[in-house]
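Right, one structure below, let's go through it.
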Amino acid sequence: MTMIEAIRSAMDVAMGRDADVVVYGEDVGYFGGVFRCTQGLQQKYGKTRCFDAPISESGIVGTAIGMAAYGLKPCIEIQFADYMYPAYDQLTQEAARLRYRSNGDFTCPMVVRMPTGGGIFGGQTHSQSPEALFTHVCGLQVVVPSNPYDAKGLLISAIENPDPVIFLEPKRLYNGPFDGHHERPVTSWAGHRLGEVPEDYFSVPLGKAVVRREGSAATILAYGTMVHVAEATAEETGIDAEIIDLRTLVPLDLETILQSVKKTGRCMVVHEATLTSGYGAELVALVQEHCFYHLEAPIARVAGWDTPYPHAQEWDYFPGPARLGEALRDLMEA
């Protein structure tokens, strides 16, 4: 499966198993979503289970919160993560707080799916990576898959979760893995081991990272598209880096991170989002706090620049293998 097909399969499985699961958003029903992630669901489950919403992100999220409070399990789509800002108040003040403010009498079992990241020449309003804005909010869980297998398993777990989950889908990975070499031919998920996705039910637990590449020289912490860029960087530099795919940012699998850093003695954090106050800063703080006496060098960060995502200079902004490779070599020499 491609990641698109895996995400669609997850919603299909969840809707088939539980009549309380509903799917909706802009162009989600008849059209099947801007990236076709919901294609065929309305035809299969009807217009009361999968339907189109007005162009109002605040309205989409607000109605989902009401549905969740009454026992439904909405899985809604914001067409691009860049468009979630009108709904930020609903997400942070209502969805994230419902369990707390009701003293556990109400929960908010909803999933907000959003395509995220760049690499498709989407420009400043179709390329943002706003994950840090959600990880800062108590009560929200944040998921960023890097492949079709995880995308399906994590999405099923998110739909079954009793609390709100922000599910960020790296759009550059929808149809194939991407190692950051934009000048090379596009690759597909066909033949990739993580493109082998069971058609029936399975789940991947939230809060559990995975080691994508074992190594002893340094630890690279990544998620989403950057997992593949990190793998390419390790191969091209010849540096024996251990690569950890975080998969979920909240809850975070700190144990796996610390075990790796204490083994390698060096750590590099990579993400596509803006550097300042990005999620990488939290990772750096945690590693420094828990692994200070194991570190052989300062922790390195590679991220997007502190600027709106450019269109013409997209590949100067995107953290590719060249930038990661330079940072990794510097880390080894430090």
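The values are calculated or read from the model by the stated rules, or taken from the named source; none is laboratory data. Given the structure is predicted, the values throughout are model-derived calculations rather than measurements. Virtual Cβ from ideal backbone geometry, glycine too; neighbours counted across all protein chains shown. Just the protein is used for accessible areas: all its heavy atoms, side chains included, with ligands, DNA and RNA removed. Shrake-Rupley method; radii C 1.70, N 1.55, O 1.52, S 1.80 Å.
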>> Take Glu272 and tell me if it is under 15 Å from Ser129 (Cα atoms) and assigned to a strand (DSSP E or B).
In response: yes
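What residue, of Glu255, Glu231, Glu282, is modelled with pLDDT of 95 or more, in contact with a helix residue (DSSP H, G or I) (Cβ under 9 Å, 6 or more places away or on another chain), open to solvent by 40 Å² or more (accessible area, probe 1.4 Å) and in a helix (DSSP H, G or I)?
On the way: Glu255 fails: in contact with a helix residue (DSSP H, G or I) (Cβ under 9 Å, 6 or more places away or on another chain); Glu231 fails: in contact with a helix residue (DSSP H, G or I) (Cβ under 9 Å, 6 or more places away or on another chain).
It is Glu282.
Yes/no per residue for (1) of a type in the set (Asp, Glu); (2) farther than 27 Å from Ser188 by Cα:
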site	(1), (2)
Thr2	no, no
Ser9	no, no
Asp12	yes, no
Arg17	no, yes
Leu72	no, yes
Met110	no, yes
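Can we say Gly122 is free of Cβ contacts under 8 Å to residues at least 40 places away in the same chain and either surrounded by fewer than 24 Cβ atoms within 10 Å (Cβ to Cβ) or of a type outside the set (S, T, N, Q) (or both)? I'd like the intermediate steps shown before the answer.
Numbers: free of Cβ contacts under 8 Å to residues at least 40 places away in the same chain: no; either surrounded by fewer than 24 Cβ atoms within 10 Å (Cβ to Cβ) or of a type outside the set (S, T, N, Q) (or both): yes.
In short, no.
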> In the range 183-207, what residues are in contact with a helix residue (DSSP H, G or I) (Cβ under 7 Å, 6 or more places away or on another chain), in a loop (DSSP other than H, G, I, E, B) and open to solvent by less than 50 Å² (accessible area, probe 1.4 Å)?
Replying inline: Trp189, Val197, Phe202, Val204, Leu206
> Consider Lys262 against the criteria (1) outside any helix (DSSP H, G or I); (2) touching a His at 6+ places or on another chain (Cβ under 7 Å); (3) open to solvent by 90 Å² or more (accessible area, probe 1.4 Å): it satisfies all of them except one. Which criterion is unmet?
Replying inline: (1)
>> I'd like the full set of residues that are open to solvent by less than 40 Å² (accessible area, probe 1.4 Å), part of a loop (DSSP other than H, G, I, E, B) and of a type in the set (Val, Ile, Thr), limited to the range 15-69.
In response: Val28, Thr38
> For Cys50, all conditions in the list (1) without any contact (Cβ under 8 Å) to a residue 24 or more places away in the chain; (2) in contact with a Leu (Cβ under 6 Å, 6 or more places away or on another chain); (3) not hydroxyl-bearing (Ser, Thr, Tyr) hold save one; what is the number of the exception?
Replying inline: (1)
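Take Leu221 and tell me if it is closer than 19 Å to Val144 by Cβ and either open to solvent by 50 Å² or more (accessible area, probe 1.4 Å) or not in a loop (DSSP other than H, G, I, E, B) (or both).
Details: closer than 19 Å to Val144 by Cβ: yes; either open to solvent by 50 Å² or more (accessible area, probe 1.4 Å) or not in a loop (DSSP other than H, G, I, E, B) (or both): yes.
Yes, satisfied.
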> In the range 145-164, how many residues are open to solvent by 10 Å² or more (accessible area, probe 1.4 Å) and more than 13 Å from Cys75 (Cα to Cα)?
Replying inline: 1
> Restricted to the range 288-320, and to residues that are touching a residue at least 40 places away in the same chain (Cβ under 8 Å) and part of a helix (DSSP H, G or I), which residue is surrounded by the most Cβ atoms within 10 Å (Cβ to Cβ)?
Replying inline: Tyr317
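Go through the range 238-252 and report how many residues are assigned to a loop (DSSP other than H, G, I, E, B) and among the β-branched types (Val, Ile, Thr).
At the first step, the residues of the range 238-252 found to be assigned to a loop (DSSP other than H, G, I, E, B) are 238-240, 246-247, 251-252.
Still in the running and among the β-branched types (Val, Ile, Thr): 239.
Matching residues across the range 238-252 total 1.
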> Counting only residues that are within 20 Å of Phe167 (Cβ to Cβ) and small (Gly, Ala, Ser), how many does the range 202-221 have?
Replying inline: 3
>> What's the total number of residues in the range 208-218 that are outside any strand (DSSP E or B) and crowded, with 17+ Cβ neighbours inside 10 Å?
In response: 3
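How about the range 267-279: which of its residues are among the aliphatic types (A, V, I, L, M) and surrounded by fewer than 19 Cβ atoms within 10 Å (Cβ to Cβ)? Break it down into steps so the answer makes sense when it comes.
Taking the range 267-279 and keeping what is among the aliphatic types (A, V, I, L, M), we get 268-270, 273, 275.
Passing the criteria: only Leu275.
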